[in-house]
Structure formats: C-alpha cells, structure tokens
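The values are calculated or read from the model by the stated rules, or taken from the named source; none is laboratory data. Keep in mind that what you see is a predicted model, and the values were worked out from it rather than measured. Positions of Cβ are generated from backbone atoms using ideal geometry, with glycine treated the same way; all protein chains shown enter the neighbour counts. When the accessible area is computed, the model is the full protein with side chains, heavy atoms only, and any ligands, DNA or RNA have been set aside. Shrake-Rupley method; radii C 1.70, N 1.55, O 1.52, S 1.80 Å.
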Amino acid sequence: YTGLRFSDIQSMKEDNVSSDFLKIHIKKTREVLEIPLLDVPKQIIERHLEKYGSLKVHTNQFCNREIKKMFEKIQFDDNVSFTKHSGKKNIVIERKACDFVTMHYGRTFFVTNSLVNGMNEETIRKITGHKDYKSFKKYVQFSKEMVAESLLTAWGN
C-alpha cells in the first residue's frame, strides 16, 4: 500500500507518521519521500502502536517465509517456470508460484496495480522514489489477462 522497499519499512519510526502522510528518509536514494497513507496502512500502523508502543517489523527473511506460507495456504501453488540466461545457456527454473513471492514483490504489486487502477506513471514514481523510467519499468508486470482486458476495453468486442 506504500510501494516502499523492505529496508525503508523496517526503518520507519512513529515520528515519520502523520495523520495522512508517511515522511521517510529512503536509504537507497538518500532522499525524503512523503507518501500519502491509505486506510489499510493507517490501520496497520495504529495497531502496531497500540500493541507494541512502536512500529515493530520482523526481519525480511521471517516476513518472506510467512508470506510464502500464506500464499501456499490460499493455494497459490501452480507450477511456474522462469528462464534465466547465463551466457549461451538457458536455465529453466520451475517451482510453485508461492515460492517466488517475497516482500519485495509487494513493490511490484503496488506499481502494477496503481497503473491498472488509473494512476499515472509520474505520480507512482513520486511515491516509490524511482528517478527514471528504466528502473521503474522493471516493476511493471501486466498479466496476459490485464493486457487482454485493456485491449477489449479500448477496442470493444
């Protein structure tokens, strides 16, 4: 819901949160972002402050392990294969879909779904801190169903 990297979520403090914005210093790019807060992250932050008295975030490894368990529980476990290229070799990796899901995938999910929901690229980049299109486009992953729906919407049946 924020498009943040895990390292930036982990470094969040109560002082970074106002009623409608999250103002945070981004480690990787050394800039300060002001991210509008939707209701869900506001509720998560409030619950953490009530329960722990601060914003508590587990390690990246722990969160990745738990995400994989949740996705496996909802049966997000079809076999998926990816091809990596190493020199002239093609290396095919096949695993269950839930094995590929990580905390960082949330950033891809945020970018892609923000575009699908009508936000323009420049506004999304302002939230995520991407300075150029080349690095931003790595986070855009439209499914074939999204592409088909967009085509049908634009051109009709």
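Data overview
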quantity	calculated
Scope the stretch 1-43; condition open to solvent by 40 Å² or more (accessible area, probe 1.4 Å), assigned to a strand (DSSP E or B), free of Cβ contacts under 8 Å to residues at least 60 places away in the same chain and not β-branched (V, I, T); matching residues	F21, K23, H25, E34
Subset tally (residues that are of a type outside the set (D, E) and in contact (Cβ under 8 Å) with a residue 24 or more places away in the chain) for the stretch 70-84	2
Tally of residues being aliphatic (A, V, I, L, M) and farther than 20 Å from K73 by Cα across the stretch 96-111	1
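Here's the yes/no breakdown for (1) among the hydroxyl-bearing types (S, T, Y); (2) more than 21 Å from H104 (Cβ to Cβ):
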site: R5; (1), (2): no, no
site: I9; (1), (2): no, no
site: D20; (1), (2): no, yes
site: V40; (1), (2): no, no
site: T59; (1), (2): yes, no
